[in-house]
Amino acid sequence: MKNLVTALLCSAALGLPAVQAQEIKSASRYGDLSTVSQDMLNRAASDSQNFLQTNGDYNQQRYYPNRQINTTNVSKLRPAWIFQTEVKESLETSPIVVNGTMFVTTSFSQVYALNARTGEELWHYVPKMGPITTFCCGPNNRGVAVSDNMVYLGTLDSQLVALDARSGKVMWKTEIADPEEGYSETMAPTVVDNKVLIGTNGGEYGIRGFMKAFDAKTGKLIWTFNTVPENSVGVWAEKDATGKDLHRDIAAEKATLAAMLQPTAADQKQKSGAADSAAKVVPVVDKPGATPSTSAAPAPKAAQFYKTLGGGIWQNPAVDLETRRIYFVVGNPSPDLDGSQRPGDNLYTDSLVSLDLDTGKYVCHLQYIPHDVWDFDAVSPPVITKVADKDGKPIKGVLHAGKTGYVYVHDAKDCSLVRYSEPMVPQENMWTLPTKEGARMLPGANGGVEWSPLATDPNRGLAYAINLHQPMTYQVQNSPYPDGKLWLGGAFKVIPSEEQWGNITAVDYNTGKIRWQVKTAQPMIGGILATAGGLIFAGEGNGLFKAYDSESGSPLWSFQAGAGVNAPPSSYSVEGKQYIVVGAGGNTQLDYKRGNSIIAFTVD
Amino acid sequence: MAVRRFTACVSAAVLVWAGVSAAARADTIDEKAAVCSSCHGEKGVPTDKNIPIIWGQQEGYLYLQLRDFKKGARKNEIMNGIAESLEKDDMKELAAYFAAKPWPNLNQASASDADVLQAKTANSAVGCSACHLDRFQGTGTVPRLSGQSHDYLAKTLAEFRSGERANNPGMTSLAQATPEPDLKAMEAYLAGL
């Protein structure tokens, strides 16, 4: 009875016609879904019922406001239900929960809608994918976005799919980019004000990365921002964002670029053929601060390497609703380890980038690692939060955790770097250039913070990061662009004789100091959640899922899930009872034991 | 051994030159695919150890190989000749056709314990299974390796390594980064899976 009343109240509040409530009879009465309004999405940070966005809210704080499960009772956490998917392959999904219905994804871009109270399956969507799918690190999917009565998904064959949230039926489908050229999707989209925002995978395949906005109702493309501009040269930076020497041979790079700009006989022919010049222009900047000089001549083919320069986007943008800007980070240049064919800073790879939400126009950027030859891409999603500036004054800041092992703190206004944290993992021989034989450097290419999202506790001013320590050697090899095929420019190799481990690190982002650190047996990948109950939750490759005191890092509870827990946890409540939910499917990239479980926990 | 193989290939190739135009003219997919069986096997068991299994192989992978043979990005006299006359739609159709067939069992011996151990260590260094997936089943454009013909695996890995097979520089880099004895163990392990 109570439930019926709640359901009626909910639908009344959301202005749903009564008929609609009838239509969802097939769903369990606890799993009834209501429309997700823009207002609900805007206020997700204070919603202690639902988990509406991949990283909690538009600021991506991963701070869940419910304190029912807390430091005093977490020891009594036990599984409420376990749902087994049909796909036993790595799980990276962030469960999304809307009024008692949960949406999770599995590898190969499948979606399940579940009753969040019982784990009962409501529907299962298996995309009919084209034959061409590529990936770098497993056929993963990180989850869906919800808005209105739709569920949005990016698939491995680079399609954007909108599903009816009640039935899983396809409402529309759009190709994001051509999978035969190495484009694919693993990230969850973000929906805001009728726009579906999504980037692309393919940094290991010589793509040209982008962030695109699609119309949420129709799937029509609204804008595209190329993460690699035609002039990707930049300022010939000799140092990384923290002032470390990159050991670039800038004279050699400039000579390569000059040679590339020399038109060949073939280019000359092309030029006379295509005089109307919708043709590409390569602007060249050769000193810091100079405005790009553009010549009307089409760029010689050799200088058009911006078309294959990589710059994928792994994770959701943070959305600042006040300024109507988005902030996201861009992945590595292609090919990963061989810089010889891509002179210049390779903008905007390995960067934080901010755009205007409505137009997709560039606002600001900060490049962490110009001309990267280590696959040190920026992948963990940025977080918008209040931070202390250099003088201690509170400003709107942006946090990003790097594969370098630093948490970077930016001023949201102009993307500039306010500070960076103490390193969370050992750094050695940075930045030693890759060699033919293999050069050792720490962190390894699976190092520091991977795509795993941060969690934050805004009251404590702490950011929680999960880290990898996996020593590697870096080898370089030269090969031409292979038409959308795997293109690494070398190899990174784990050094089998060296110890590997992980840690959870709490960083005070107002000072950059590490507050506490807990070591784990294995390198960590997946994600973390902080709650108002004074807790953080994170899983490990060996199947352990643990809760810690977010103030001190002391472990308070653990559970063996039987397969690697390498996905970001979420939290929600149904009928006034709080749950914690996480996927246990292992991880392909680190070869952690695979499984197929979605596990929801509660305190009884 | 080498000589025998050579003649086998030549006679097969001759057969194919005759068959190529037949494939181009063929209407039904069964007719198109019939040409392939003379080498890739009536029941999917290849007629020579250096010829790969294509029955049950991943569809995206099969298509891209045919595309690359046609473009010359992957060089093999026989297959370049065969792919030359195929249009994109033919290639897609053939890829779908063979991918839907069952993977044949070549009854190759399981690898020795020592090889298994060495293969697993090699795998943990470069993460072969991060792409080829659990038990090396592949997906999409990443090929299945488990149970593939041992001699073909050895041949194609050596060709990746030397750069002779140049249609996937990523695999070339990884094969070069893996010491030869590790690759040998890997081949025995994969063939015996």
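Taking a cut-off of 15 Å between Cα atoms, list the aspartates and glutamates near residue A:577, but don't count ones fewer than 8 places away on the same chain.
Answer for residue A:577, where 15 Å is the Cα cut-off: A:47, A:604, listed by chain and number.
Considering segment A:407-457, what Rg and Dmax in Å follow from its alpha-carbon atoms?
Gyration radius and largest Cα-Cα distance of segment A:407-457: 14.4, 44 Å.
With the cut-off at 30 Å, report for chain B the share of all Cα pairs above it, as a whole percent. Walk me through the numbers on the way to the answer.
On the way: 3297 of 18528 pairs.
In whole percent, the share of Cα-Cα pairs in chain B beyond 30 Å is 18.
Per residue of B:120-127, how many C-beta atoms from partner chains lie within 10 Å of its own C-beta, taken as a mean? Walk me through the numbers on the way to the answer.
Details: counts 1, 1, 2, 1, 5, 8, 4, 9.
Across B:120-127, the average partner-chain Cβ count within 10 Å equals 4.
Rounding to the nearest 10 and keeping the result within 0 to 90°, find how far the Cα-based axis of helix A:250-261 lies from the longest principal axis of chain A.
Helix A:250-261 sits roughly 80 degrees off the main axis of chain A.
Ignoring ligands, DNA and RNA, how do A:120, B:187 rank by accessible area with a 1.4 Å probe, largest first?
Details: A:120 90, B:187 15 Å².
The residues order as A:120, B:187, largest area first.
Mind jotting down a quarter of the surface of the convex hull over the alpha carbons of segment A:364-448, in square nanometres, one decimal?
Details: hull surface 24.0 nm².
Directional mean of the projected Cα hull area for segment A:364-448 stands at 6.0 nm².
In angstroms, what radius of gyration and Dmax does segment A:40-174 have, counting Cα atoms only?
Every Cα atom of segment A:40-174 included, Rg and Dmax give 15.6, 52 Å.
Could you give the accessible area per residue of the protein assembly as shown, probe 1.4 Å, as a whole number in Å²? Present the calculation step by step, with values, prior to reporting the outcome.
Working: 29480 Å² over 797 residues.
Solvent-accessible surface per residue comes out at 37 Å².
Tell me, what are the semi-axes, in whole angstrom and largest first, of the equivalent ellipsoid of chain A as set by the roots of 5 times the Cα gyration tensor eigenvalues? Let's see the in-between values first.
Details: eigenvalues 309, 151, 95 Å².
Equivalent-ellipsoid dimensions as semi-axes: 39, 28, 22 Å.
Compute, for chain B, the length of the dipole vector about the Cα centre, with Cβ point charges of +1 (Lys, Arg) and -1 (Asp, Glu) only. Units Debye, rounded to 20. If you can, show how the numbers build up before the last one.
Values: 21 positive and 22 negative charges, 36 e Å.
It comes to approximately 180 debye.
Which lysines does residue A:195 reach when only Cα atoms under 18 Å apart count, and residues fewer than 8 places away in its own chain are ignored?
Within reach: A:173, A:212, A:217, A:220, A:361.
Could you grab the relative contact order for chain A? Cα pairs under 8 Å, six or more apart, rounded to a whole percent. List each step's numbers first, then the result.
Details: 1786 pairs, mean separation 88.6, N = 604.
Computed value for chain A: 15 percent relative contact order.
As a quick test, which of the pairs B:49/B:184; A:169/B:88; A:239/A:519; B:49/B:155; A:239/A:396 have an alpha carbon distance above 21 angstrom in this structure? Show your work: numbers first, answer last.
Values: B:49/B:184 16 Å; A:169/B:88 31 Å; A:239/A:519 31 Å; B:49/B:155 10 Å; A:239/A:396 26 Å.
Beyond 21 Å: A:169/B:88; A:239/A:519; A:239/A:396.
Nothing charged except the Cβ atoms of Lys and Arg (+1) and of Asp and Glu (-1): what's the magnitude of the dipole of the protein assembly as shown about its Cα centre? Round to the nearest 20 debye. Walk me through the numbers on the way to the answer.
Values: 74 positive and 82 negative charges, 105 e Å.
Result for the protein assembly as shown is approximately 500 debye, rounded to the nearest 20.
Compare B:47, A:190, A:323 by solvent-accessible area with a 1.4 Å probe and give them largest first, with all protein chains kept in place.
Values: B:47 85, A:190 10, A:323 65 Å².
My answer, sorted largest first, is B:47, A:323, A:190.
Using the scaling law 2.2 N^0.38 Å as the reference, what is the normalised Cα Rg of segment A:316-375? Before the final figure, lay out each step's value.
Details: Rg = 13.2 Å, N = 60, 2.2 N^0.38 = 10.4 Å.
In units of the 2.2 N^0.38 Å rule of thumb, it is 1.26.
Which ³J(HN,Hα) values in Hz, rounded to whole numbers, follow from the phi angles of segment A:371-388 under the Karplus curve 6.51 cos²θ - 1.76 cosθ + 1.60, where θ = phi - 60° and Gly and Pro get x?
Values per residue, Gly and Pro as x: 6, 5, 10, 10, 6, 8, 6, 8, 10, 6, x, x, 10, 9, 7, 6, 10, 7 Hz.
From the helices alone, meaning DSSP H stretches of at least four residues, give me the mean residue ellipticity at 222 nm for the protein assembly as shown, per-run term -39500 (n - 2.57), in deg cm²/dmol to the nearest 500. Working shown, then result.
Working: 15 runs with 166 residues, N = 797.
Dividing the helical sum by the residues of the protein assembly as shown leaves -6500 deg cm²/dmol.
Please work out how much accessible surface residue A:129 shows to a 1.4 Å probe, ignoring ligands, DNA and RNA, in Å² rounded to 10.
Result for residue A:129: roughly 60 Å² accessible.
Rolling a 1.4 angstrom probe over the protein chains, ignoring ligands and nucleic acids, what is the accessible area of residue A:137 in square angstrom, nearest 10?
That residue has around 20 Å² of solvent-accessible surface.
What total accessible area, in Å², is buried where chains B and A meet, using a 1.4 Å probe and rounding to the nearest 100?
Working: alone 10230 and 21760 Å², together 29480 Å².
That pair hides around 2500 Å² of surface in total.
Considering only protein heavy atoms and a 1.4 Å probe, what is the carbon-and-sulfur percentage of the accessible area of segment A:358-419?
On the way: 1050 of 1880 Å².
The C+S portion of the solvent-accessible surface of segment A:358-419 is 56 percent.
Take the Cα coordinates of segment A:434-510, assign each an equal point scatterer, and use the Debye formula without solvent to give log10 I(q)/I(0) at q = 0.19 Å⁻¹.
Calculated log10 I(q)/I(0) at the listed q: -0.85.
The values are calculated or read from the model by the stated rules, or taken from the named source; none is laboratory data. Please read these numbers as outputs of a predicted model, since none were measured by experiment. Virtual Cβ from ideal backbone geometry, glycine too; neighbours counted across all protein chains shown. Side chains included, ligands, DNA and RNA excluded: accessible areas come from the protein's heavy atoms. Shrake-Rupley method; radii C 1.70, N 1.55, O 1.52, S 1.80 Å.
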